[in-house]
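Chemist: Encoded as structure tokens, here's the structure I'll be asking about.
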Amino acid sequence: MKKLLFTIVLIFLFGITILKAQDCINYEPGQTGIGTLSETFGVSLADFNNDGWLDVVTIDAYDDIEVYFNDGTGLIDTNAYTLGADRWRFGVQVIDIENDGDWDFVTAPMSSNSYGIEVWQNNGSGVFSLKSDNTANYSSGHELAVGDLNGDGYDDIFFPNSDKVGIYLNDGTGNFVDNGQEDLEASSPESAVLFDADNDGDLDAAVSRGFPAKFFMNDGTGHFTEAQNEMADDTEGVDAADINGDGYKDLVFAPWHGYIEIWYNDGLGTFLPGDTIFEGGQQFFVDIELRDVNYDGMPDIITDTYIYQNSTTNPGTFTLTSNYLTGSSHDFETGDINNDGFLDIYKGRFSSNDGDLIYFYQPGNVIYADTTLCYGDSLLIGGNWTTEPGEYYGSIGCDSTMVVNLSFYDELNTEVILMGTTLTAVATGVSYQWINCADSSIVEGAINQSFTPEESGDYAVIISIGPCYEVSDCYTVILTDIDKISTDAISVYPNPSNGIFTVNTGGYFGKINLKVTGITGNVVYQSDIEGEKAKIDISDYPSGVYILTISDANTTVTKMIIKE
């Protein structure tokens, strides 16, 4: 397949990507005053009313749940839709509980009252009803994580709390059932992340806590085993991503009071201590996310206060950027709130009269390009090989971003039908060029969908559209053209007969003329045929010897036939 477009665009994007400098991430405050006078603990983003814009659900500490809808311009309506007043909750996670295509959410109880995890069901338009509140009764925790833990296609709940880690499996209708594990201890947990640590296709888990963090291995059914309990100490947040480019997801912990710690995955699900990030000094970070903020192919570190940029030349090395996200916080969430293709930050602020705020990413110059590749090709954009149509982003230096609208030509059909000595390509709406397979030379003038060679040989067709082409298999054509066969190549049978004869042209499918004459020259039968076989009927004529003439535009062959 021809890869001209692929090569040109690849060289361009690869060449500019490696020029990226440090401190290329820039956020600016974009909206304040969301949930004024609120004390936000948990935050989660999703398009709740299916209008194509991200909305937000927050936990108002010690009070209610507040949902704020995007107004369709990238701003959040500050009029709250409140739910479930007068309960102590902390974390909130969006989840599609019954796989119906709209976003529901679950909340983590912060006190061991009679209620547990709350499941709030969306009717599809952003109106919620409490489906249940009795999962994990009498438990308390800060955050929970959701994901398909047992591989049945439905998201489940992983909830580290004051007593244990609770595993609650979704029955497919949004009802969550305790899997019965009682041996997973996690006192003083803070948050959890679900990720595939050993690339075996199921979700494992890491938990940050006041004591050393823990790692739990999933057996694929939602049953977990404590696999490591000597990791970062006194941590608040945790997230997982392949930060050093070795194909395995690593862990990064945010400190309760101290420094960010990196723990590298050895590929077998064991984590080894890596760098400690001292830039920014000792900090109290409540949350951490690993996201490729600037589309350079490497996940960066976002905390509620600072942002650290990953190096493309030395992956896993982070540099503190000049960004400073002001204000106290208990949780934040990233997402494209203004639909410009870049990650924004919703910061849930605690004990603030100014309410929550949004930081919008500033991409600098944005360059748009429409690119169409051949079927099966790929393109390197932002450090990732892209094989599917869509819109993709890649960094250009430190002040620009390329947005590539990528599409693909359809797969070319190279099927060919051989009828007699004529080859016909099945594909339509494309260009054709027939070639001789013996030396791969083109056949001059053979550019139509069908092709009849002038000599025996192996032939193929080049099918092309735009810059893309495919070559068909080679097909053998044997010409038994009348001017190249002996009398014996054509058979007539039965002979003698009662007057009905079958003529076999010996594999020639071109147009020929059949004529039968008596010995005096009188014509008793004549017909034009196309095909390998034909019937001649002279049964109404007297017995005797007749002459069968088989001819095309160039050659004539005669046969003697006898009617009994």
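Chemist: With each pseudo-label sitting 7 Å past Cα toward Cβ, what's the D51-H257 distance in nm, one decimal?
Modeler: 4.4
Chemist: For K249, give me every one of the aspartates and glutamates with a C-alpha distance below 17 angstrom, ignoring sequence neighbours fewer than eight places off in its own chain.
Modeler: D196, D198, D200, D202, D204, D239, E261, D266, D275, E289, D292, D300
Chemist: Counting only DSSP beta bridges with both residues in the stretch 307-420, tell me the antiparallel percent, nearest 5. Walk me through the numbers on the way to the answer.
Modeler: Working: 21 of 30 bridges.
If we restrict to bridges inside the stretch 307-420, about 70 percent are antiparallel.
Chemist: Let me ask something additional. Using packing as a proxy for protection, rank 452-462, 296-306 so that the peptide with the highest average count of other Cβ atoms within 10 Å comes first.
Modeler: Going from most to least packed, we get 296-306, 452-462.
Chemist: Each label point is 7 Å from the Cα along the Cα-to-Cβ direction; what then is the distance between the points at S311 and Y493, in nm?
Modeler: About 8.3 nm, to one decimal.
Chemist: Along the charge dipole of the chain, which of F105, I478, I243 sits closest to the positive end, that is, farthest toward it, with unit charges on the beta carbon of Lys, Arg, Asp and Glu (+1, +1, -1, -1)?
Modeler: Farthest towards the positive pole: I478.
Chemist: Using Cα atoms only, what is the angle between the long axis of helix 4-17 and the major principal axis of the chain, expressed in degrees (0 to 90) to the nearest 10?
Modeler: That works out to roughly 20 degrees.
Chemist: Given a 1.4 Å probe and heavy atoms of the protein chains only, how would you sort R209, R87, largest accessible area at the top?
Modeler: Greatest to least solvent exposure: R87, R209.
Chemist: Measuring with a 1.4 Å probe in the full set of protein chains, what accessible area per residue, in whole Å², belongs to the stretch 438-477?
Modeler: Per-residue value: 58 Å².
Chemist: Step by step: find N for the stretch 45-120, compute 2.2 N^0.38 Å, then divide the Cα radius of gyration by it. What's the final number?
Modeler: Values: Rg = 12.9 Å, N = 76, 2.2 N^0.38 = 11.4 Å.
Computed over Cα atoms of the stretch 45-120, the ratio equals 1.13.
Chemist: Heavy-atom accessible area per residue, the stretch 35-190, 1.4 Å probe: how many Å²?
Modeler: Values: 5590 Å² over 156 residues.
Per-residue accessible area for the stretch 35-190 comes out at 36 Å².
Chemist: Quick one: which residues, 5+ away or cross-chain, put their amide H under 5 Å from the amide H of Y469? H built at 1.01 Å from N.
Modeler: K2
Chemist: For the ranges 284-294, 439-449, what's the packing order if you count other beta-carbon atoms within 10 Å of each residue, average per peptide, and put the highest first?
Modeler: Sorting 284-294, 439-449 by mean packing, highest first, produces 284-294, 439-449.
Chemist: Also: Run the accessible area of the stretch 279-387 with a 1.4 Å probe and give the carbon-and-sulfur part as a rounded percent. All intermediate terms of the calculation are to be shown ahead of the outcome.
Modeler: Details: 1700 of 3830 Å².
C and S fraction of accessible area: 44 percent.
Chemist: Length gain on complete extension for the stretch Y541 to R291, per 0.36 nm per residue less the alpha carbon to alpha carbon distance?
Modeler: Taking 0.36 nm per residue and subtracting the Cα distance, the gain is 80.7 nm.
Chemist: Out of Y27, Y368, C468, whose Cα points farthest toward the positive end of the dipole of the chain (charges: +1 Lys, Arg; -1 Asp, Glu; placed on Cβ)?
Modeler: C468
Chemist: I've got another one for you. Label D200 and N134 with points 7 Å out from Cα along Cα→Cβ: what is the distance between them in nm?
Modeler: A separation of 3.5 nm, rounded to one decimal place.
Chemist: Next question. When only DSSP loop residues count, what GluC sites (Glu not before Pro) in the stretch 343-423 have their Cβ near at most 15 other Cβ atoms within 10 Å?
Modeler: Passing both the DSSP loop test and the Cβ count: E411, E415.
Chemist: Based on Cβ point charges of +1 for Lys and Arg and -1 for Asp and Glu, what charge dipole magnitude is obtained for the chain about its Cα centre, in debye rounded to the nearest 20?
Modeler: 3040
Chemist: Can you give the accessible area of Y62, probe radius 1.4 Å, in Å² rounded to 10?
Modeler: Accessible area of Y62: about 90 Å².
Chemist: Which order do peptides 357-366, 318-327, 232-241 fall in by mean Cβ count within 10 Å, highest first?
Modeler: Ranked from most to least packed, the peptides come out as 232-241, 357-366, 318-327.
Chemist: Could I ask something else about it? Along the stretch 267-280, what does the Karplus equation 6.51 cos²θ - 1.76 cosθ + 1.60 (θ = phi - 60°) give for ³J(HN,Hα), rounded to whole Hz, x for Gly and Pro?
Modeler: x, 10, x, 10, 10, 10, x, x, 6, 10, 8, 9, 4, x
Chemist: Stick to Cα atoms and the Kirkwood definition of Rh, then tell me Rg/Rh for the stretch 144-276. Walk me through the intermediate numbers first.
Modeler: Values: Rg = 14.1 Å, Rh = 14.7 Å.
Radius of gyration relative to Kirkwood radius: 0.96.
Chemist: Something else now. If you rank T372, T107 by how much accessible surface each has, with a 1.4 Å probe, what is the order from largest down?
Modeler: From most exposed to least exposed: T372, T107.
Chemist: Could you state how much accessible area M419 has, in square angstrom rounded to the nearest 10, with a 1.4 Å probe and all protein chains kept in place?
Modeler: Here the accessible area works out near 130 Å².
Chemist: Next question. Note down the magnitude of the dipole of the stretch 52-172 about its Cα centre, charges +1 on Lys and Arg C-beta and -1 on Asp and Glu C-beta and zero elsewhere, to the nearest 20 debye.
Modeler: Value, rounded to 20: 380 debye.
Chemist: What percent do you get for the relative contact order of the chain when only Cα pairs under 8 Å and 6+ apart count?
Modeler: Reported as a whole number, the value is 11 percent.
Chemist: Take the solvent-accessible surface of the protein heavy atoms, probe 1.4 Å, and return the percent of it on the stretch 397-480 that carbon and sulfur atoms account for. Walk me through the intermediate numbers first.
Modeler: Values: 2040 of 4310 Å².
C and S atoms contribute 47 percent here.
Chemist: For the stretch 156-250, which whole percent of the accessible surface, found with a 1.4 angstrom probe, sits on carbon and sulfur atoms?
Modeler: The nonpolar share, carbon plus sulfur, comes to 46 percent.
Chemist: Just read off the accessible area of H257 with the full protein assembly in place, 1.4 Å probe, to the nearest 10 Å².
Modeler: 120
Chemist: Where does the stretch 259-334 land on Rg(C-alpha)/(2.2 N^0.38 Å)?
Modeler: Against the empirical 2.2 N^0.38 Å value, I get 1.13 for the stretch 259-334.
Chemist: What is the projected area of the convex hull of the Cα atoms of the stretch 419-546, averaged over all directions, in nm²?
Modeler: 10.2
Chemist: Identify which of the listed values of percent of Cα pairs over 43 Å apart was calculated from the structure shown: (1) 22; (2) 13; (3) 42.
Modeler: Structure-derived value, by its label: (3).
Chemist: By DSSP, what percent of the beta bridges with both residues in the chain are antiparallel, rounded to the nearest 5?
Modeler: Looking only at bridges with both residues in the chain, the antiparallel portion is about 95 percent.
Chemist: What do you reckon, how do W120, W53, W256 stack up by accessible area (1.4 Å probe), largest on top?
Modeler: W256, W53, W120
Chemist: Something else: Under a point-charge model restricted to the Cβ atoms of Lys and Arg (+1) and Asp and Glu (-1), what is the dipole moment magnitude of the stretch 308-450 relative to its Cα centre, in debye to the nearest 20?
Modeler: Dipole size: approximately 280 debye.
The values are calculated or read from the model by the stated rules, or taken from the named source; none is laboratory data. These numbers come from a predicted model, not from an experiment. FYI the Cβ positions are ideal-geometry reconstructions off the backbone, even for glycines, and counts take in every protein chain you see. The accessibility values were calculated without ligands, DNA or RNA, using every heavy atom of the protein model including side chains. Shrake-Rupley method; radii C 1.70, N 1.55, O 1.52, S 1.80 Å.
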